[in-house]
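The values are calculated or read from the model by the stated rules, or taken from the named source; none is laboratory data. Given the structure is predicted, the values throughout are model-derived calculations rather than measurements. Cβ placement follows ideal geometry from the backbone for every residue including glycine, while neighbour counts extend to all protein chains displayed. Accessible surface areas use protein heavy atoms only, side chains included; no ligands, DNA or RNA. Shrake-Rupley method; radii C 1.70, N 1.55, O 1.52, S 1.80 Å.
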Amino acid sequence: MNIAGLIFRPFYWSAGKVFSSWARPAVQPEVPAAYIADSDAAVCYVLETGGLADMLALERACALHGMPSPTGSFEFCGVRESKRFIVMRRLSGFWSRRPSTMGSRRLKRLVEGAARCEQELLLIPVAIYWGRSPEKERSFFKLMLSENWDIIGRTRKFFVTLLHGRNTLLRYSKPLPIRSIFTADIEPPVAIRKVSRILRVHFRQRRAATVGPDLSHRRTLVKQVLRAPAVRRAIDADAGDDYRKQEVARRKAEKYALEVAADISYPTIRILVRLLRWLWNRIYDGVELNHMERLHDVAKDKELIYVPCHRSHIDYLLLGYVTYEAGLQLPHVAAGINLNMPLVGGILRRGGAFFLRRTFKGNRLYAAVFDAYIHEVLMKGNSMEYFIEGGRSRTGRLLAPKGGMLVMTVNSYVKSPQRPIVFVPVYFGYEKLIEGDAFIGELGGAKKKKESLGGLVSSVKSLRDHFGKVYVNIAEPIELEPILDRLHPQWREYESENGERPPWLAGIVEELGTQIMQGINSAAAVTPISLLAYVLLATPKQTIGLDELRRQLTLSLNLLQRFRYSDSVTMPDWSADQIIEHGEKLQVISRSPHPMGEVIHMTEQTAVLMTYFRNNITHLLAVPASVACCFIQGRQLKHSELQRLIRLIYPFMKKELCLKWDVDDIDDVTSEAIKSLIDMEILTYGPRKKTLVRPPAGSEKAFQLLMLGQSMVPMLQRFYLVIAILVRNGSGVLSRQRLESMCQQSAQRLSMIYGLHSPDFFSKTLFHDFIRSLQDFEVLRRNADGNIEFDDDLTNIGIDARLVLGEEIRHSILSLTVSDA
């Protein structure tokens, strides 16, 4: 060791002790040593800028995760290197630190060595972000507290380390095998430039994905919005040539822009992150993340638009927290103007929320301002999050997608196709909802309570309750460009006249909305609570013997594995007894002793709430459950007839449950479901394998098949009810509004008399959507008076209903379908 090394070692050791007592960077991925676990290749780390603080952070992370020390020596191709790291942008100078124009000499030696020997070397890029917040554009005082795109000197780095030592992210990336660079004819100088370029691009993309673009001051962004051509045209349309009216309209536009715009503050975000960490562990059993690697794969070179399902107000906070903790850029989040309450609105705005009104109808200026704001945010390369369902689902099913935000996003990209846009469907799964009671009340006809500060304060009492675990599943990302290329190949040539949107945009948005909703469902999280709800709500009184419950839970888990809806679906790796114990812990079920065996039951109020969680997963088993449903009344059925029945109802099931299969493919899917049921021995083949036979009545397998089929009965009852009311009243008699009202009242009475009195069963929205589907498929049509007409073929459906619905239920429905005379 030379004299400089003897002097430096004690200083480095002392600095490391001080650093470790203060700075504690978060390390990603959780197990970075997995990158080198199965390799005997030499390892060398690659830093973007280097410096003492970065080296100490890397030294600490390597020590914690059992990886080779960056300051240790190693041998490669017969040459011993004194250090195990490379700095891509080394700084030179003592007082004035500037990037060196010379490349890394160690990298040059390593690449040249790789050219003359066969030994492998893994270059592991390590990115370190102090503070993680991007720079403010044109700020007078640069944010010494934040990570940005500049190279900083020793003084500033000292303060950054001091102030943000515990808010730092250190991320190991996948290794670059140096041998992969060499081809048969590549020369070492070319290989050096190629490796350097790959690493520079990697660090640039990783920084964009983690830190994001520079933040505009809110006032700066508002000025840019007001200068947008569409906003100027809207101002001129409102004010004409009158200067005073133009000034009034301009001020109104500025007021709208300030009402909308986010005002991201990273100090506020850091406080919120700490608060949310406490909250998740206070009322939840933590947050389970699945398929996060999909985000890291696309975030490097694409712009992310998060499109999650909307279950709860917690959603607004959840995804921002998850992305921040995962080391990704914080998204701008679309929030309803109802959340722009005193105090709360300001906090959400600083956390990345921008606000929109429920409707833009009749306000051209507001629409132009909002559209221009979305365009500016996307043009700067920011990620975004919005809920295309429009509002929170009250039933647990996905709502029909609203196209407003999608239209603005796609139109913005068509106008300025810069960084490719990727939509990321996200599934949120809860085991209990803070708003559960309110949702049931609203479905039952109660008026929705307006959000208020007082309501927020009163909801604090929920912190005393326990809400189980929260699940966040990332679905397969959806790239926008392939959809544009497939549906309208000439989209790049489109030139807007006076800012008008392309006439073909509606078809793009419809296809995109469908893919997003199907993507969300394909990443569903099957929770212990949703499984309990699925089984118990299939029983007449939400009561079942303990042994029967164990068997039915086991059957449901096995069927979910055999009839795999999607590889993105997650399921609990629990036994039936663990699921039951968890349900008791959350007070969803209780047990009563009995000489013949314990009985598990739900209260009626709990059962009504549990319909929400059953509906979260109904789509996963909709096809096998529909097959089982066809055997409730009959013991055997031809395979072809079974396919015909499923084919008949599938278009309506697909619409209500956002199922992923095309109508043309449903026969094959039905056959796959039948095979799964046969493998589980709850269906068998008859002679010559053309007929399917259920197990003997009273047997355990027959009971399991009946229970599975019951999960689809409420939906089929609603379908039959609509058709029965139409047939009873006749063609051309009822208006659509009157039909919906009669269906809701009849279903409510049917629910009160024969089943669980759940508002989910008689939701007016479900009848509205089914009637609209009948019109879309041209089963129903409107006459000149606006009333609904239909053909005699509609009555034939009643014959098929006898195979599924019990005689008592069918007669009850028919008795309720009095004419509207």
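Some observations on this one:
- Applying the condition of being among the aromatic types (Phe, Trp, Tyr) and over 30 Å from Thr606 (Cα atoms) to region 738-793 and asking which residue is least open to solvent (accessible area, probe 1.4 Å) yields Phe790.
- Residues being open to solvent by 20 Å² or more (accessible area, probe 1.4 Å), of a type in the set (Gly, Ala, Ser) and closer than 15 Å to Gly634 by Cβ - total across region 686-728: 1
- Among the residues listed as Ala628, Ala607, the single one being under 17 Å from Leu677 (Cβ atoms) and buried (at least 22 other Cβ atoms within 10 Å of the Cβ): Ala628
- Consider region 148-183 and keep the residues that are at pLDDT below 60 and small (Gly, Ala, Ser). The one that is farthest from Ala37 (Cα to Cα) is Gly153.
- Residue check, Ile682 in contact with a Leu (Cβ under 9 Å, 6 or more places away or on another chain), under 29 Å from Ile813 (Cβ atoms) and not in a helix (DSSP H, G or I): yes
- Among the residues of region 484-512, just one is crowded, with 19+ Cβ neighbours inside 10 Å and closer than 22 Å to Ser568 by Cα, namely Leu512.
- Filter result for Thr554 (within 31 Å of the chain's Cα centre (by Cα) and closer than 29 Å to Ile283 by Cβ): no
- Filter pass, Ile269 being out of contact with any strand residue (DSSP E or B) (no Cβ under 7 Å at 6 or more places or on another chain), in contact (Cβ under 8 Å) with a residue 24 or more places away in the chain and either surrounded by fewer than 16 Cβ atoms within 10 Å (Cβ to Cβ) or among the β-branched types (Val, Ile, Thr) (or both): yes
- Check on Leu657, under 18 Å from Arg564 (Cβ atoms) and in contact with a Ser or Thr (Cβ under 7 Å, 6 or more places away or on another chain): yes
- Residue within region 520-541 that is among the hydroxyl-bearing types (Ser, Thr, Tyr), modelled with pLDDT under 95 and open to solvent by 20 Å² or more (accessible area, probe 1.4 Å) present: no
- Odd one out for Arg635 among (1) basic (Lys, Arg); (2) in contact (Cβ under 8 Å) with a residue 60 or more places away in the chain; (3) buried (at least 16 other Cβ atoms within 10 Å of the Cβ): (3)
- Residue list for region 50-84, filter: open to solvent by 30 Å² or more (accessible area, probe 1.4 Å), out of contact with any strand residue (DSSP E or B) (no Cβ under 7 Å at 6 or more places or on another chain), closer than 24 Å to Arg200 by Cβ and part of a loop (DSSP other than H, G, I, E, B): Gly51, Lys83
- Failed item, numbered, when Met292 is tested on (1) at pLDDT below 90; (2) aliphatic (A, V, I, L, M); (3) closer than 29 Å to Pro125 by Cα: (1)
- Within region 282-305, if we keep just the residues that are among the basic types (Lys, Arg) and in a helix (DSSP H, G or I), the residue that is surrounded by the most Cβ atoms within 10 Å (Cβ to Cβ) turns out to be Arg294.
- Each residue in region 188-213 was checked for being charged (D, E, K, R) and modelled with pLDDT of 85 or more, and 4 pass.
- Tally, over region 568-604, of residues that are open to solvent by less than 20 Å² (accessible area, probe 1.4 Å), β-branched (Val, Ile, Thr) and under 11 Å from Leu546 (Cβ atoms): 3
- Here Pro308 meets each of (1) of a type outside the set (A, V, I, L, M); (2) more than 18 Å from Ile516 (Cβ to Cβ); (3) surrounded by 20 or more Cβ atoms within 10 Å (Cβ to Cβ) with one exception, condition (2).
- Taking (1) modelled with pLDDT of 85 or more; (2) closer than 29 Å to Leu107 by Cα in turn, Arg227 satisfies each apart from (2).
- Of the residues making up region 415-430, at least one is open to solvent by 30 Å² or more (accessible area, probe 1.4 Å), in contact with a strand residue (DSSP E or B) (Cβ under 7 Å, 6 or more places away or on another chain), at pLDDT 85 or above and not charged (D, E, K, R).
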